[in-house]
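Enquirer: One structure coming up, written as structure tokens, with questions to follow.
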Amino acid sequence: MALPPHHKQVPLLSRFATVCQLQAKADLHRVPMDDRKNFLVRHFGLRGIAIFEAAKGALALLLGFALLSMRNRDMERIAREALSFLHINPDRRFYHEVLQAAGRVTPHGIWLFVFGVIVYAAIRFAEAIGLWLEREWAEWFALISGSIYLPWEIYELARRQTWVRWAVLGINVIIVLYLLWLRIEMHKSRQRARADQPADHPVTS
């Protein structure tokens with residue numbers, strides 16, 4: 001015999017109420033940002049940095065494998081052709097430095113360079129995945145590694161100013177400041193959560 005419609009609704013309502021209670025408990029123990037705006041800034045900011053770091057890893061791999069494919073060719077001639085394609089003035093010091101470096105390249109050195117590129121790309125991809133998933137360790141890693149690069153980038157910019165070096169320094173400064181702000185905000189959120197915990201969970205003897 002079929003049950004009346006209201007008998008079928010009771011279990012569904014009961015399940016819905018149980019799910020809501022479980023979600024409320026999960027939200028109670030989660031440490032959120034102050035408001036939805038800060039959450040969106042954190043969410044999309046970290047994913048933007050993750051894409052940037054993954055792009056650096058992919059670019060490094062492309063460079064490494066391109067160099068590996070040319071290991072048996074005349075590297076100095078390839079460097080000269082590349083500089084000409086980029087319209088680099090042959091009278092510039094940079095032009096001769098590149099040619100000298102290309103002339104010193106050996107197959108063994110290329111393999112070492114490619115190995116270093118693979119390690120670098122693996123680190124960048126791991127960092128990108130961690131940032132995409134909003135893992136705290138990835139945020140700390142990106143903050144520390146970005147801060148380490150800053151003195152060297154400032155030194156290089158002081159030696160010779162180019163728009164590329166200004167762009168690299170500017171992007172890195174923005175990322176470091178953003179991650180620093182994020183860690184400070186999360187620390188404040190944890191402190192507020194600890195301060196509110198006794199009121200939400202009174203200790204019973």
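The values are calculated or read from the model by the stated rules, or taken from the named source; none is laboratory data. A quick note: this is a predicted structure, and the numbers were derived from the prediction, not measured. For neighbour counting, all protein chains shown are included, and Cβ atoms are generated from backbone atoms with ideal geometry for every residue, glycine included.
Enquirer: Select from region 96-109 the residues that are touching a helix residue (DSSP H, G or I) at 6+ places or on another chain (Cβ under 6 Å) and in a helix (DSSP H, G or I) and list them in ascending order.
Expert: Scanning region 96-109 gives VAL98, LEU99, ALA102, GLY103.
Enquirer: Continuing with the same structure: Any residue in region 79-89 that is at pLDDT 80 or above and of a type in the set (A, V, I, L, M)?
Expert: no
Enquirer: Scan (1) within 30 Å of LEU182 (Cβ to Cβ); (2) of a type in the set (A, V, I, L, M); (3) without any contact (Cβ under 8 Å) to a residue 12 or more places away in the chain for the single condition ILE88 breaks and write down its number.
Expert: (1)
Enquirer: If the requirement is being touching a Phe, Trp or Tyr at 6+ places or on another chain (Cβ under 7 Å) and surrounded by 13 or more Cβ atoms within 10 Å (Cβ to Cβ), which of these qualifies: GLU139, GLU134, GLU156, GLU127?
Expert: Unique residue meeting the criteria: GLU127.
Enquirer: So, one more: For region 184-203, state whether one or more residues are within 30 Å of LEU68 (Cβ to Cβ) and aliphatic (A, V, I, L, M).
Expert: Within region 184-203, not a single residue is within 30 Å of LEU68 (Cβ to Cβ) and aliphatic (A, V, I, L, M).
Enquirer: I'd like to know if region 113-121 contains one or more residues that are among the β-branched types (Val, Ile, Thr), in contact (Cβ under 8 Å) with a residue 24 or more places away in the chain and in contact with a Phe, Trp or Tyr (Cβ under 9 Å, 6 or more places away or on another chain).
Expert: The answer is yes; a qualifying residue exists.
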